[in-house]
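The values are calculated or read from the model by the stated rules, or taken from the named source; none is laboratory data. Computed from a predicted model, the values in this text were never measured in an experiment. All Cβ positions, even for glycine, are placed from backbone atoms using ideal geometry, and neighbour counts span all protein chains on display.
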Amino acid sequence: MTDRLIIGISGASGVVYGIRLLEALQGSSIETHLVMTKSAEITLAYETDYKVKAVKDLATKVYGPEDIAASISSGSFKTRGMIVAPCSIRSLSEIAYGQTTHLLSRAADVVLKERRRLVLLLRETPLHLGHIRAMAAATEAGAIVMPPVPAFYARPKTIDEMVGHTVGRALDLFDIDIGAVRRWGEDVGKRP
């Protein structure tokens, strides 16, 4: 079986997380399958100097958000699972309640129904009770909600280091080590 990971990029702030995931997996044995929402393409223009084509070129295979016949919309297409980075509250809510309106939420729904790993880098704050209930529903369905919160114990000096650490931790959940994580008790946190 080919080693595949689906990367979803929604329209939430933090599109750099999805880009860094794709960059980190380039040249690895992991085949990346990318789906970006239309909102993600808009956010990309606001938050980065990347062009949509440049981001899509980082992936092994790319699907349009309306491509409901895409291979990633079927449970028979074997993958390790999916990371949605960043994950908007709208996408999380669609995933949590199984009301999919585009390929990103459909692919995530398939990952859950097949009992594969789904990691959602939720980008929303502050949270109201509806958000928290949707997060609980997504978790109960089998997803891992992982807000991209920086780990300051690693003493990051740049935003790039913070992003890299978060991306590394998300990939840890799939047993993929890209060497970006300074690990507590190994690399940091040892007493002299």
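Before moving on, here are some points about what is shown:
- Residues located in the stretch 150-192, provided they are assigned to a helix (DSSP H, G or I), touching a residue at least 24 places away in the same chain (Cβ under 8 Å) and either surrounded by 17 or more Cβ atoms within 10 Å (Cβ to Cβ) or not hydroxyl-bearing (S, T, Y) (or both): A154, V163, G164, T166, V167, G168, A170, L171
- Taking the stretch 9-20 as the range and being in contact with a Ser or Thr (Cβ under 8 Å, 6 or more places away or on another chain) and under 22 Å from D160 (Cβ atoms) as the test, the residues that pass are I9, S10, A12, S13, V15, V16, Y17, I19.
- The stretch 44-59: number of residues that are farther than 14 Å from V16 by Cβ and among the β-branched types (V, I, T): 1
- The criterion of being touching a residue at least 60 places away in the same chain (Cβ under 8 Å) and of a type in the set (A, V, I, L, M) does not hold for I95.
- Looking across the stretch 98-138 at every residue that is within 15 Å of the chain's Cα centre (by Cα) and not hydrophobic (A, V, I, L, M, F, W, C), the one that is nearest to I83 (Cα to Cα) is identified as R117.
- Which numbered condition E94 misses (of (1) closer than 15 Å to A138 by Cα; (2) surrounded by fewer than 14 Cβ atoms within 10 Å (Cβ to Cβ); (3) not small (G, A, S)): (2)
- All positions within the stretch 60-80 that are within 22 Å of E23 (Cβ to Cβ) and surrounded by fewer than 21 Cβ atoms within 10 Å (Cβ to Cβ): T60, K61, V62, G64, R80
- Criterion (under 22 Å from R133 (Cα atoms), among the basic types (K, R) and in contact (Cβ under 8 Å) with a residue 24 or more places away in the chain) met by exactly one of R4, R20, R115, R80: R115
- Residues in the stretch 1-49 that are β-branched (V, I, T) and either within 15 Å of the chain's Cα centre (by Cα) or within 22 Å of S71 (Cα to Cα) (or both): T2, I6, I7, I9, V15, V16, I19, I30, T32, V35, T37.
- Whichever residue in the stretch 113-149 is assigned to a loop (DSSP other than H, G, I, E, B) and charged (D, E, K, R) and, among such residues, is nearest to T43 (Cα to Cα): R123
- Any hit, the stretch 120-135, residues being under 25 Å from M36 (Cβ atoms), modelled with pLDDT of 95 or more and either surrounded by fewer than 13 Cβ atoms within 10 Å (Cβ to Cβ) or of a type in the set (S, T, Y) (or both): no
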